[in-house]
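The values are calculated or read from the model by the stated rules, or taken from the named source; none is laboratory data. Quick caveat: nothing in here was measured; it's all calculated off a predicted structure. Cβ sites come from the backbone with ideal geometry, for glycine too, and all protein chains shown count toward neighbours. When the accessible area is computed, the model is the full protein with side chains, heavy atoms only, and any ligands, DNA or RNA have been set aside. Shrake-Rupley method; radii C 1.70, N 1.55, O 1.52, S 1.80 Å.
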Amino acid sequence: MNPDSQPKNFTYQEIIRQQSGWEKALAQLEMNRPSILGALAPFRDRVWVFCGCGSSYYLAQTAGAAFEMITGIRTRVVPASEILMLPELVFNPRDSYLLVSLSRSGTTTETVRATQKARNEFKLPVLAVSCNPASTLNRESEIHLSFPFEPERSVVMTGSFTTMLLSVIYTAYLLSSRPADGAALMPVPDASRKVMQASEAMLRELVSGPYHDFVFLGQGALLGIANEAALKMQEMAISVSQGYHSLEYRHGPMSTVTGGTLLTILSSSASAPYDAQLARDMKKLGARVLLLTGASGNARPHGVDEQIEIPGDFGDMLIPLLYMPLLQMLAYYRAISQKIDPDNPKNLSQVVELDI
Ligand code: F1P
């Protein structure tokens, strides 16, 4: 990207700097390896409940699915508000739990209150994952994943989402039966930089087209990425967008597909056998189809208009980390194409604090 065409707002800067944040976080997590393992290994037999709000709820969806697939530890994912209103529904006395509270700010009221309820009323251990080490959430939790993080000025979460996801995936490998597999995280930052640089111009061109709605589809850990991508489109570009399990889209929501629909399929090795037919079916309905895939060297399935391949065969556990920055960039350029300032999203603030 040549400097004079580089946008001057901080949302863009925070999207393109996130990979260096990952590298700093990995170095700190490596140093803290023994203490993380010592603190969390005793809770392997519990159900790990992941909670958050907004982007951090979709982070919980992504992180919870990846965590269970890597460790085999049973997980549950809820918005923090469910714990506030219906704690018995979440913490059923038949099981024992550990709560994982995710929050960029560490001050979101629902998340802090949910954490206090879990600790004080249900006497549960809590793992806090936050980008703010001095936050209320960290003070309220006896265990926390800490890593250096340059605070985001943007209202919308970008690098905070992926760095917290990275820290959970790292921890999952530590607790898994094959901790050495965690080494696969080390080349991820560079691979992400490369695919971002290679795809930026296409994404900017693609998303400037005459669309009036955006759909993101994914299975497993990629459902959370699909929902987060849809939220980024809403927050940054004030656009109509939605996320679904990939095959769920046929069961009703596809009734809304028109020639103004940009539909993104987030492929994984689990969903790949189904994605090609899905692309063909959506193309027949008039959608423009973007496919993100971690499988390199395959021919572009019929019905796919644009495809981004993530080279390196990173597998389904790491693909969510590599897809997210591309989808943040897509939403960013949608905002720019609509002359919307992504640094100042409508109606939003960086943190939602309630008087409850
Ligand atoms: C959660 C959150 C963000 C959203 C906005 C308001 O913040 O809902 O996801 O984009 O910034 O706050 P946090 O609990 O992760 O700090």
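Comparison of 277, 234 shows that the only residue that is within 16 Å of the ligand (Cβ to nearest atom), of a type outside the set (A, V, I, L, M), at negative phi and free of Cβ contacts under 8 Å to residues at least 24 places away in the same chain is 234.
Could you check region 242-356 for strands (runs of 3 or more DSSP E) lying wholly inside it with 1 or more residues that are open to solvent by 50 Å² or more (accessible area, probe 1.4 Å)? Quick ask: steps written out before the conclusion?
On the way: elements: 261-266, 288-293, 306-309.
So the answer is 288-293, 306-309.
Among the residues of region 336-356 satisfying the criterion of being over 21 Å from the mean Cα position of the chain (by Cα) and of a type in the set (A, V, I, L, M, F, W, C), which is nearest to the ligand (Cβ to nearest atom)? Here the residue is 354.
Being assigned to a helix (DSSP H, G or I), hydrophobic (A, V, I, L, M, F, W, C), away from the ligand (no atom under 16 Å from the Cβ) and closer than 26 Å to residue 109 by Cβ is a description that does not apply to residue 37. I'm trying to understand the selection: among the residues of region 203-223, which are closer than 14 Å to residue 328 by Cβ and open to solvent by less than 10 Å² (accessible area, probe 1.4 Å)? Correct list: 203, 207, 214, 216.
Limited to region 174-213, what total is found for residues that are over 26 Å from residue 72 (Cβ atoms) and outside any loop (DSSP other than H, G, I, E, B)?
Just the residues of region 174-213 that are over 26 Å from residue 72 (Cβ atoms), to begin with: 189-213.
Among the residues that remain, those that are also outside any loop (DSSP other than H, G, I, E, B) are: 189-207, 213.
Matching residues across region 174-213 total 20.
Residue by residue, here is whether (1) touching a residue at least 60 places away in the same chain (Cβ under 8 Å); (2) over 23 Å from residue 9 (Cβ atoms) holds:
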| site | (1), (2) |
| --- | --- |
| 125 | yes, yes |
| 146 | yes, yes |
| 161 | yes, no |
| 169 | yes, yes |
| 178 | no, yes |
| 190 | yes, yes |
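Cβ-Cβ contacts under 6 Å between residues 6 or more apart (or on different chains), taken from a first residue in region 84-113 that is touching a residue at least 24 places away in the same chain (Cβ under 8 Å) and small (Gly, Ala, Ser) to a second residue that is near the ligand (Cβ under 8 Å from one of its atoms) and open to solvent by 60 Å² or more (accessible area, probe 1.4 Å), are absent. Taken over region 72-91, the criterion of being within 16 Å of the ligand (Cβ to nearest atom), surrounded by fewer than 24 Cβ atoms within 10 Å (Cβ to Cβ) and either farther than 15 Å from residue 126 by Cβ or among the acidic types (Asp, Glu) (or both) is satisfied by 79, 81, 82. Among the residues of region 97-126, those that are open to solvent by less than 50 Å² (accessible area, probe 1.4 Å) and either away from the ligand (no atom under 15 Å from the Cβ) or at pLDDT below 95 (or both) comprise 97, 98, 117, 118, 124, 125.
I'd like to check something: does region 52-71 contain any residue that is more than 14 Å from the ligand (Cβ to nearest atom), touching a strand residue (DSSP E or B) at 6+ places or on another chain (Cβ under 6 Å) and among the polar types (S, T, N, Q)? Checked against the condition, which is being more than 14 Å from the ligand (Cβ to nearest atom), touching a strand residue (DSSP E or B) at 6+ places or on another chain (Cβ under 6 Å) and among the polar types (S, T, N, Q), region 52-71 yields no hits at all. Within region 187-212, the set of residues being under 23 Å from residue 61 (Cα atoms) and out of contact with any Asp or Glu (no Cβ under 7 Å at 6 or more places or on another chain) comprises 188, 192.
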